[in-house]
Amino acid sequence: MTFKTIIEPFRIKTVEPIRHTTRAEREAALAVAGYNLFLLRAEDVLIDLLTDSGTGAMSSAQWAGMMQGDESYAGARSFYRFEAAVQEITGLKHVIPTHQGRAAERILFGTAVNAGDIVPNNTHFDTTRANIEARGAVALDIPCDECRHPQLEAPFKGNIDLAALERVLAENPGKVPLAMITVTNNSGGGQPVSLANIRAASAICRRHSVPFYLDACRFAENSWFIKLREEGYADKTPLAIAQEMFSYVDGCTMSAKKDGMANIGGFLALNDDSLARGCKNLLILTEGFPTYGGLAGYDLEAIAVGLKEALDEDYLRYRIRSVAYLGDICQANGIPHVRPTGGHALYLDAKALLPHIPWNEYPAWALSLVLYLEGGVRSVPIDSVMFGRQPDGSEKPAALELLRLAFPRRVYTQSHVDYLAEVLVLAKQLAPRIRGVKIVEEPPVLRHFTSRFAPVAGQLVVGE
Ligand code: F0G
């Protein structure tokens, strides 16, 4: 007998209350926050799906590990545990801890990337792009074509465009210091990348003598999708699949706040001795000595345990199913979203839901505000606010206007998701009455974090 309900594979040992607010309170909170959900106080949010980064619940084994943290400045036991856990999965020679993923990016690009260089990727995450552009280099997105069609069902919409990769490397000899693939492709809808694609991209890079890196934040979720969807991998463990994935790369950057199951941390891992030396020197300058890299010993312990828990099959089955469960409800109610559902998040297709709002009145942003106003739910737009401003100061539309509902790991239960689904159904009913927003204050870079906005019609939902 097998049962159809896939349960949360844990029981709850500690709880953190969440707080209901009234619609009027949320309306006032939005005005104070300049209609930017990043500027809300978290206690004013009921269900927080802003990010899956650092927001997960740690396990009792992780907390127990933290008690064993060795806080020695140099050569701590915790570092060697951490290094062994990373090496078992990645097989990479040099493991350099950092305080989070973007620090690994800054150190890698600060050492290997120069002005005028080009770094291709399936889709760069915002911090990756910003760290490359900060070096005066070009962050080039070359996702596969399926990625551009949100409603299209395809198993590996996170793949890189191999022909484009070949072309970029052939046309720019000496100007591509490294190529990357992001697993899963966060900015492209949390979609997985196949092993066939990683293997082929690696072969292209080898042929052009270009180092090949993974942005490995969600490597465990990507491994699970490969197990489910790629021929020949159904009987392999997520660990074995991850090991094969890393066997094709020269290095990786990692935010341990995702599939490290920790609240903070990250690493850079690579094989090249001389590049690793350069990176460690820069690390000492800004992060810390190479055996702690800006982390406490106890953080290293939490990550060492977390990396293994992220590869647990029961956990991955539940994790991927929770997002698909919400996707099924959206599908049944005609709420457009990126199909199939991704690993860590559901991505609503705001362009399809709000076709009357032009890109420069930011439909995904407006939708995010309505989900908060009506249901206290916080989400994050991956849209023209995030990607619209160009390095030369001009503005152009992003490829897609998506609203990401990211699931923190091991935090919310099925009833939270059922509540969320009710809020989405209401937003769909209100859609024709939702109006866009304009930017009234904007910082020079990464504008989505701190810009302030105003509703173009004076209110978010008209005709109330
Ligand atoms: N790469 C990807 C694919 C990411 O998703 C993130 C973070 C980073 C790099 C940077 O890692 O935050 O530890 O510095 N993504 C978070 C998110 C913030 O909400 O998707 P970090």
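Note that the stretch 247-288, at 4 °C in a medium of 1.567 mPa s, gets a Stokes-Einstein diffusion coefficient of 113 µm²/s from its Kirkwood radius over C-alpha pairs. A cut-off of 5 Å between modelled amide H atoms, ignoring neighbours fewer than 5 places along the same chain, links Leu268 with Ile96, Thr98. Translational diffusion of the stretch 60-309 was estimated from the Stokes-Einstein equation, with Rh taken as the Kirkwood radius over Cα pairs; at 10 °C and 1.306 mPa s the coefficient is 88 µm²/s. Axis of helix 273-286 versus longest Cα principal axis of the chain: the two differ by about 50°, to the nearest ten degrees.
Placing +1 on the Cβ of every Lys and Arg and -1 on the Cβ of every Asp and Glu, with nothing else charged, gives the chain a dipole about its Cα centre of roughly 120 debye.
Given a cut-off of 26 Å, name the pairs among Lys157/Lys257; Lys93/Lys157; Lys227/Lys258; Lys227/Lys308; Lys257/Lys280; Lys227/Lys428 whose C-alpha atoms lie farther apart than that in the structure shown. Flagged as over cut-off: Lys93/Lys157; Lys227/Lys428.
From its DSSP helices (H runs of at least four residues, each -39,500 (n - 2.57)), the chain gives a residue-normalised ellipticity at 222 nm of -12000 deg cm²/dmol. Extension gain for Arg148-Ala457 works out to 108.2 nm (0.36 nm per residue, less the C-alpha to C-alpha distance). Packing, as the average of other Cβ atoms within 10 Å across residues, places the peptides 414-424, 213-223 in the order 213-223, 414-424, highest first.
If you stretched the chain out fully between Thr237 and Ala196, how much longer would it get, using 0.36 nm times the residue separation minus the C-alpha to C-alpha distance? The span from Thr237 to Ala196 would gain 13.0 nm if fully extended. If R0 is taken as 51 Å, the Cβ-Cβ distance between Lys93 and Gln331 corresponds to a FRET efficiency of 0.70. Here the label points at Phe3 and Asn114, each 7 Å from Cα along the C-beta direction, are separated by 6.2 nm in the simple model. Label zone (Leu446, point 7 Å along Cα-to-C-beta; backbone nitrogen cut-off 11 Å) within the stretch 352-388: none. Between 0 and 90 degrees, the angle of helix 414-430 with respect to the longest Cα principal axis of the chain falls at about 50 degrees. Working note: Karplus 6.51/-1.76/1.60 with θ = phi - 60° gives the stretch 352-365 the couplings 6, 6, 10, x, 7, 9, x, 4, 8, 10, 6, x, 5, 5 Hz, where Gly and Pro are set to x. Within the chain, all pairs of alpha-carbon atoms sorted by distance into 10 Å bins from zero give the percentages 4, 21, 31, 27, 14, 2, 0. Using Cα atoms only, what is the angle between the long axis of helix 313-332 and the major principal axis of the chain, expressed in degrees (0 to 90) to the nearest 10? Taking the Cα atoms of the chain, the angle to 313-332 is about 30 degrees.
This ranking places Leu402, Leu228, Leu270, Leu50 by how few other beta-carbon atoms lie within 10 Å of each, fewest first, which gives Leu228, Leu50, Leu270, Leu402. Each of His344, His149 has some number of other Cβ atoms within 10 Å of its Cβ, and from fewest to most they run His149, His344.
Cβ crowding within 10 Å, taken as a proxy for footprinting-reagent exposure, orders Arg389, Arg19 from fewest neighbours to most as Arg19, Arg389. Each label point was placed 7 Å from the Cα along the Cα-to-Cβ direction; for Arg11 and Lys396 their separation is 5.7 nm.
Of the beta bridges in the chain, as assigned by DSSP with both residues counted there, near 70 percent are antiparallel.
Along the Cα-to-C-beta direction of His356, a point sits 7 Å from the Cα; which residues of the stretch 370-406 have their amide N less than 15 Å from that point? Of the residues in the stretch 370-406, none has backbone N under 15 Å from the label point off His356.
Values quoted throughout were computed directly from the atomic coordinates according to the rules given, and no laboratory measurement underlies them. All figures in this text were calculated on a predicted structure; none of them were measured in a lab. Because the Cβ atoms are built from the backbone with ideal geometry, glycine has one as well, and the counts that use them run over all protein chains shown.
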